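Here's the structure, in structure tokens; my notes come after.
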Amino acid sequence: MEYYLFRGLVALHMTAGAIGLVAFWIPIFGRKGGDAHRRWGRVFNWAILLAGGFAVVMSLLTLHDPMGNHPHLVGKFDDGFVRGIFGWMMLHNAILTLNLVWYGWLCIIHRRNNAATRTPLNIALQYLVIVAAINCAVQGWLIWQPLMMGIAVVGIATGLTNLWYMYSRKPGPVEWQKEHLKALVGAGISVYTAFLAFGSVRLMPSLALNPFMWAAPLTVGLAIIIYHRFSLDIKSGRNPFTGRRRALQAGTD
């Protein structure tokens, strides 16, 4: 019975994730703040929140019965590996994705009022992702999977940097846009990584830990974030390298 529940969750997770994968690109390439940007941004948010929620339950079921819920991996990996990668690491990645989508959504809703993002749920998500990341690193160390320890750094950094912005006294005028960008593109990176790394394992299990499957979405996502952050700084009259207003060179900050 549990296996069929797991299979149903996989189907729902993949359906929601596929919608998110497509919707992700419309806000990225479309006119920022336009109707299409807002509409497809909401589609992306809801799709990824659903996909992340399903992934949390899938990871918990894997922790309960790793080989029973992944019979295609029997004889290819031991239960410690499956519990670590598809249990603990997937749980961390799912919480990270939920964190990024929710945080990024609140940033766009409240804009420059960063204090309004300090809701109980949003604060809890920051501490939850840090705890999940630490646990992922510990579990990775116990079975000696460096990938689990490496990905945990992302979770810890996400929680800490989000809290830093949420409790900043006077964030810059475009910081909310940068945080929104960082979070939603970060969620997109997470989804594409799951699609390439976790999805490909069903076709070719050896690809589960292939560095390319993890590096490709990260590289593309970071390029998008860097490009748009530079654009935001330039449009706001700031030097993208120093963060200072260009007017400072003329003696007027």
Q) Identify, please: which residue in the stretch 1-53 is more than 16 Å from the chain's Cα centre (by Cα) and outside any helix (DSSP H, G or I) and is, among those, surrounded by the most Cβ atoms within 10 Å (Cβ to Cβ)? A) 30
Q: Go through the stretch 95-124 residue by residue and tally those that are within 18 Å of residue 181 (Cα to Cα) and within 16 Å of the chain's Cα centre (by Cα).
A: 13
Q) Considering only the stretch 116-134, how many residues are without any contact (Cβ under 8 Å) to a residue 24 or more places away in the chain and assigned to a helix (DSSP H, G or I)? A) 6
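None of the figures in this text is laboratory data; all of them are computed from the coordinates on show. In this text, all values refer to a predicted model and were calculated from it rather than measured experimentally. Neighbour counts are summed over all protein chains in view; Cβ atoms, including those assigned to glycine, are modelled from backbone coordinates with ideal geometry.
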